[in-house]
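Quick notes on the structure that follows.
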Amino acid sequence: MNTPKLPVVVAVVEDDAPSRTALGRLLWAAGFEPVLFESAEAYIGASTAPTCIVLDVHLPGMSGIELQQRLRANGTAPPIIVTTSSHEAVIQERAEENGCAAFFWKPVDGHTLTAAIASLANR
């Protein structure tokens, strides 16, 4: 008897609508279940329990780094993949200090991102 494979739910927190939609399509095509949020506040207000989060740094309101810190402090942080188009080393340092599972500069190669998510899901 085969045990059904649990869905890999990936929360995408990205304020840029075209990027958010493209990430959702990429993840769906790769066999994941994307749940899309336009802000950190929208993610906090949802009742999602994702396998991991793909988190943009620059968001309206609360930043991605602030959301990462908040989830970590609450003990509710799933593995987080941080992405940003800003090439400031301090952003990567802060994300890594907060325990990100992976960090990518945008644009992120789709295969690289989905491989990172698959690796996290298999842990």
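The values are calculated or read from the model by the stated rules, or taken from the named source; none is laboratory data. None of these values were measured; they are calculated from a predicted model. Methodologically, a virtual Cβ is constructed for each residue, glycine included, from the backbone with ideal geometry; neighbour enumeration extends over all protein chains shown. Calculation scope for accessible area: heavy atoms of the full protein, side chains included, ligands and nucleic acids excluded. Shrake-Rupley method; radii C 1.70, N 1.55, O 1.52, S 1.80 Å.
A few comments on the model shown:
- Element breakdown for the chain at a 1.4 angstrom probe: carbon and sulfur atoms account for 52% of the accessible area.
- Taking 18 Å as the cut-off, the amide N atoms of the stretch 12-29 that come nearer than this to a point 7 Å along the Cα-to-beta-carbon line of H58 belong to 13-21.
- Tilt relative to the chain, helix 64-74 - C-alpha long axis, 0 to 90 degrees, to 10: 70 degrees
- Around D16: net Lys/Arg minus Asp/Glu count, Cβ-Cβ under 12 Å: -2
- Per residue value of the accessible surface for the stretch 59-100 (all protein chains in place, 1.4 Å probe), Å²: 52 Å²
- Largest to smallest principal axis extent of the C-alpha atoms in the stretch 1-93, angstrom: 50, 31, 25
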